[in-house]
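First the structure, in the form of structure tokens, and then the observations on it.
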Amino acid sequence: MKVLLLHPEFPDTFWSFKHALKFIRKQASLPPLGLLTVAALLPPEWETRLVDVNVRPLTARALAWADVVFIGAMIAQRESAQALIARCRAAGKTIVAGGPLFTSEHAQFPGVDHFVLNEAEVTLPEFLRDFARGAARPLYTTTEFPDIRQTPAPRWELAELSRYASMSIQYSRGCPFDCEFCDVTAKFGHRPRTKTAAQIIAELDGLHRCGWRGQVFFVDDNLIGNKRALKTELLPALIAWQKQRRGIPLYTEASINLADDEELMRLMVEAGFDQVFIGIETPDEEGLAECNKRQNRGRDLVADVKRMQRAGLQVQGGFIVGFDSDTATIFRRQIEFIQKSGIVTAMVGLLNALPDTKLYARLKREGRLLRQSSGNNVDGTTNFSPRMDLAKLRAGYRSILDGIYAPKPYYQRVRTFLREYRAPKFSVALDTRRLWAFAFSSLRLGVIGRERFQYWRLLAWTFFHRPRLLPLAVTFAIYGHHFRKCCAALAG
């Protein structure tokens, strides 16, 4: 059996970093971890190939080779998935689909032959047994949460690693919190399930054998959901592994209570983590109460961010406007919070209701749902009728983007961060990719860019005050270019 694993294209989004990737000559941020894991669950005698259209187009020859096409996608990839399914259908291929997009919307894709939904460790073996005897059903689904200690390592060798900026690994699934707008607990449960430390080290070793020496993203929705296992098992193993390497930078997602645990932050930094995404959402207590973001309530969120930055973690932040409790002051307050906190990478989006969330169920009961979410919460759209006048909400949202990503406030915020940040002791060697990024950014941003004054001022300030952080300052300058491109597309 010849299986083509097909990964649809992501649109130009905040996290795609498409405009930034050009500076380091990469085509995509991350490989399709889900499909590479599915590949490891397929019968070993099957031939498998991966086509990620984010890095390489799907050719007629590649499609002709396949007997079966497995396609996996997130909601933001909906449009590309539809086009690829139509093309595979026209070529007469059997199509098997899974992943978040199809788990939520499988009824919208009549061109798919078989849906293998939820967690593949449960549903895929059943499908494969039925498929082998010619009796596969159209739909496979489950409410069971598998033991991911039995999950095999992804098939890294199928991906063209050199085309990606980062690699990805998953340690846990599930989250102990219950935010109204989030679908993580509906899909993966409240009790975080973890792999063993030995599994993670084996996966990292596999990446290392494939020649990967760059950064690795732990894609867990909340890495610190099971603090005990993290502290006593994974982090000590990572620290030992890193001592045998040149320092592989790691990054992940966590909840704000990470700031309460100095030991945990120290261990994470020692293990190689230098970036963490935190869902802050809003500085407004009413908004936090509305969305059941209880872990963020009653805190000095700016102080929490600063504590993590001083521990050696670059804090990336998620922010939302469009809560029912939001008033006209929220836009100014979001800008002030982001600027004061020094969160350089601040993802601000309009609230959207995703399927399977409590928010979706509530808005459906209230008759306020309008359409499907685009899956891209920074495209300036929402899929429900907000309490605030929609025109005012969009104008306020636009004002936030202008207030944090115009060159002057953006570069000011970078300096705010660099003043606070205490970089980890380990460092990554200056490689050709970083040298190319500096050369390209000097031309693109420092000569012909409208931010050229702020660019050179930042580099000069960093050179004299925080010289070790000069590569990071260049990286942030490049990120700002990408963010402004995204904002410009939104305005258009």
Unmatched cysteines, the chain - criterion: no other Cβ of a Cys under 4.7 angstrom: CYS88, CYS175, CYS210, CYS291, CYS486, CYS487
Degrees, to the nearest 10: 407-420 long Cα axis against longest axis of the chain: 80 degrees
Using alpha carbons only: equivalent-ellipsoid semi-axes of the stretch 284-340, gyration tensor based, whole Å: 22, 14, 9
Two-decimal ratio, the stretch 2-140, of alpha-carbon radius of gyration to 2.2 N^0.38 Å: 1.03
Ordering of 196-204, 295-303, 276-284 by burial proxy (mean other Cβ atoms within 10 Å per residue, highest first): 276-284, 196-204, 295-303
At q = 0.31 Å⁻¹, base-10 log of I(q)/I(0) for the stretch 1-42 (Debye sum, equal scatterers on each alpha carbon): -1.11
Within the chain, percent of DSSP bridges classed antiparallel, to nearest 5: 5 percent
Å³ per residue enclosed by the Cα convex hull of the chain: 145 Å³
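Per DSSP H run of at least 4 residues, take -39500 (n - 2.57); add these up for the chain, divide by its residues and hand me the 222 nm value, nearest 500 deg cm²/dmol. Mind showing how you got there, number by number?
Numbers: 19 runs with 203 residues, N = 492.
Here the helix-only value at 222 nm equals -12500 deg cm²/dmol.
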Per-peptide average of other Cβ atoms within 10 Å, ordering 365-375, 479-489 highest first: 479-489, 365-375
Sequence-separation-based contact order of the chain, relative, with Cα cut under 8 Å and 6+ spacing, percent: 13 percent
Kirkwood-based shape ratio for the stretch 207-272, expressed as Rg/Rh from alpha carbons: 0.97
Dipole magnitude (debye, nearest 20) for the stretch 166-420, charges at Cβ of Lys, Arg, Asp, Glu: 360 debye
Per-residue Cβ neighbour rank within 10 angstrom, fewest leading, LEU390, LEU250: LEU390, LEU250
Shape call, the stretch 166-420: gyration tensor on alpha carbons, a/c limit 1.5: prolate
Cα centroid separation - the stretch 110-148 against the stretch 199-227, whole Å: 27 Å
Span from the the stretch 52-82 Cα centroid across to the the stretch 1-22 one, whole angstrom: 10 Å
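Coordinate-derived values only; no laboratory data. Fair warning: this is a prediction, and the values are worked out from it, not measured in the lab. Note that we place each Cβ from the backbone using ideal geometry, even for glycine, and neighbour counts take in every protein chain shown.
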